[in-house]
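Undergrad: One structure follows; several queries about it will come next.
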Amino acid sequence: MHSRFSRRLFVAASAAGLIAPSLANAQQTPAPPASPLPSVREHLDLDYYTGPDADPQRHKLNLLVPPNASAERLAPVFAWFPGGAWATGSRRAETNVARRLANVGIATAAIDHRMSMNPFPETPQPRGVRHPAHINDCARATAWLIANAHQYNLDPNNVFIGGFSSGSHLAALMAMDPRYLAEVGVQRSQIRGAVPACGGFDLVRYYHNQVEEAGQAFADRHLMELGAFGSMEALVAASPNQYIAQSEIPMLVVSEGDTYIYNHWFEEEVAAANLQHLVSFRHFREHTHRSLFFELRDQEQSPVRDAIAGFINARRAA
């Protein structure tokens with residue numbers, strides 16, 4: 001018989017952007033019709049990778065630049081990775097998040113990346129990519145932003161990374177495991193900070209919970225042989241908490257009520273490693289996973305956005 005604690009974990013996972021249908025639904029719900037915010041400069045569908053194996057739909061980003069950015073006043077740049085369970089997200093779903101951050105002075109790129117198989121439909125789905133394809137794409141996009149910063153009045157000395165839900169996992173892993181940035185020629189010292197919002201840090205723990213609560217077939221379809229990671233070894237290697245001892249990039253970890261337990265576990269690990277000076281936490285437990293995303297995307301006033309912008313502005317190099 002499942003324990004109350006286990007059921008609580010599954011409810012959190014199901015509402016979270018890590019794997020559940022609610023994540024995909026939250027990401028795919030269109031934003032209310034609205035004109036672009038005044039004077040924010042929009043550069044849409046920019047190719048960040050054009051190699052022979054480039055995906056013409058996915059290797060793109062939408063870049064939103066503050067109205068006051070200029071060659072004399074370069075804007076900090078925030079690479080924002082999409083949620084969607086590594087399977088259903090898109091830059092378009094995140095563009096209004098980027099637009100609203102640009103309106104408060106932070107140039108933000110809504111990044112697309114190649115996707116894994118969608119695990120939610122009962123009917124067979126086309127097989128997608130597997131880790132590390134998602135994070136390799138996000139690293140490529142980050143390197144492209146640095147290389148092309150001056151073309152868009154961005155400050156290459158003030159680069160930040162972040163993301164929502166599964167994008168949060170990618171941002172945390174990129175910040176903590178040095179391999180992915182190194183592979184695209186970016187030094188960790190070039191990243192001023194990371195903001196993983198509403199994701200998870202221990203994929204092995206998460207997988208075992210899914211087996212218990214959703215069943216072996218779903219857990220494997222989502223995370224294992226047909227899904228985003230492929231094997232238990234890959235889940236271990238892709239878990240950000242495995243790299244706490246290597247952490248160098250400051251992080252602000254954001255959670256809401258549905259994913260609080262995942263972030264709280266990580267908070268305990270950070271405390272055990274005496275890294276509270278490097279990793280800080282903001283818990284918005286009054287929010288659900290969906291409502292926090294909608295606040296970031298749709299609301300003119302947002303305490304969550306204020307926390308993100310405050311972290312970035314405090315970490316900016318002079």
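The values are calculated or read from the model by the stated rules, or taken from the named source; none is laboratory data. Predicted, not measured: the structure shown is a model, and the values here were computed from it. We place every Cβ from the backbone using ideal geometry, glycine too, and count neighbours over all the protein chains shown.
Undergrad: Of these, Gly128, Gly89, Gly105, which one is outside any strand (DSSP E or B), modelled with pLDDT under 95 and surrounded by fewer than 24 Cβ atoms within 10 Å (Cβ to Cβ)? Break it down stepwise before answering.
TA: On the way: Gly89 fails: surrounded by fewer than 24 Cβ atoms within 10 Å (Cβ to Cβ); Gly105 fails: modelled with pLDDT under 95.
Checking each option against the conditions leaves just Gly128.
Undergrad: A further question follows. Collect the residues in region 148-188 that are of a type in the set (S, T, N, Q) and touching a residue at least 24 places away in the same chain (Cβ under 8 Å), keeping them in residue-number order. It would help to see each step written out before you state the result.
TA: Just the residues of region 148-188 that are of a type in the set (S, T, N, Q), to begin with: 148, 151, 153, 157-158, 165-166, 168, 187.
Passing the criteria: Asn153, Asn157, Asn158, Ser165, Ser166, Ser168.
Undergrad: What is the number of the single condition among (1) within 24 Å of Ile135 (Cα to Cα); (2) more than 16 Å from the chain's Cα centre (by Cα) that Glu268 does not meet?
TA: Only one criterion is unmet by Glu268, namely (1).
Undergrad: Whether any residue in region 97-104 is closer than 29 Å to Arg221 by Cα and not basic (Lys, Arg) is what I want to check.
TA: Here is the first cut: in region 97-104, the residues closer than 29 Å to Arg221 by Cα are none.
Looking through region 97-104, none of the residues is closer than 29 Å to Arg221 by Cα and not basic (Lys, Arg).
Undergrad: Also: What are the pairs, 6+ residues apart or on separate chains, where a residue within region 92-114 that is within 12 Å of Ala141 (Cβ to Cβ) and touching a residue at least 12 places away in the same chain (Cβ under 8 Å) has its Cβ under 7 Å from a residue that is basic (Lys, Arg) and not in a helix (DSSP H, G or I)?
TA: Here the result reads Asp112/Arg58; Asp112/Lys60; His113/Arg58; Arg114/Arg58, each pair linking region 92-114 to a residue that is basic (Lys, Arg) and not in a helix (DSSP H, G or I).
Undergrad: Of everything in region 255-285 that's touching a residue at least 60 places away in the same chain (Cβ under 8 Å) and under 26 Å from Asn313 (Cβ atoms), which residue is surrounded by the most Cβ atoms within 10 Å (Cβ to Cβ)?
TA: Thr259
Undergrad: If you don't mind, there's one more thing I want to ask. Give the number of residues within region 182-196 that are touching a strand residue (DSSP E or B) at 6+ places or on another chain (Cβ under 7 Å) and under 21 Å from Asn136 (Cβ atoms). Give the steps one after another, and end with the answer.
TA: Start the filter on region 182-196 by keeping residues that are touching a strand residue (DSSP E or B) at 6+ places or on another chain (Cβ under 7 Å), which leaves 190-196.
Add one more test, that the residue is under 21 Å from Asn136 (Cβ atoms), and what stays is 190-191, 194-196.
Total meeting the criteria: 5.
Undergrad: Let me ask you something else. Are there helices (runs of 4 or more DSSP H) fully within region 177-248 with at least 1 residues that are touching a Gly at 6+ places or on another chain (Cβ under 9 Å) and either surrounded by 22 or more Cβ atoms within 10 Å (Cβ to Cβ) or hydroxyl-bearing (Ser, Thr, Tyr) (or both)? List them.
TA: Details: elements: 179-183, 203-214, 216-223, 232-237.
In region 177-248, 203-214, 216-223 are the helices (runs of 4 or more DSSP H) which contain 1 or more residues that are touching a Gly at 6+ places or on another chain (Cβ under 9 Å) and either surrounded by 22 or more Cβ atoms within 10 Å (Cβ to Cβ) or hydroxyl-bearing (Ser, Thr, Tyr) (or both).
Undergrad: Moving on to the next point. Against the definition (β-branched (Val, Ile, Thr) and not in a helix (DSSP H, G or I)), how does Ile135 come out, yes or no? Talk me through it step by step, then tell me what you get.
TA: Details: β-branched (Val, Ile, Thr): yes; not in a helix (DSSP H, G or I): no.
No, not satisfied.
Undergrad: Given the options Pro36, Pro121, Pro66, name the one that is surrounded by 14 or more Cβ atoms within 10 Å (Cβ to Cβ) and either over 29 Å from Gly310 (Cβ atoms) or modelled with pLDDT of 95 or more (or both).
TA: Details: Pro36 fails: either over 29 Å from Gly310 (Cβ atoms) or modelled with pLDDT of 95 or more (or both); Pro121 fails: surrounded by 14 or more Cβ atoms within 10 Å (Cβ to Cβ).
Residue meeting the stated conditions: Pro66.
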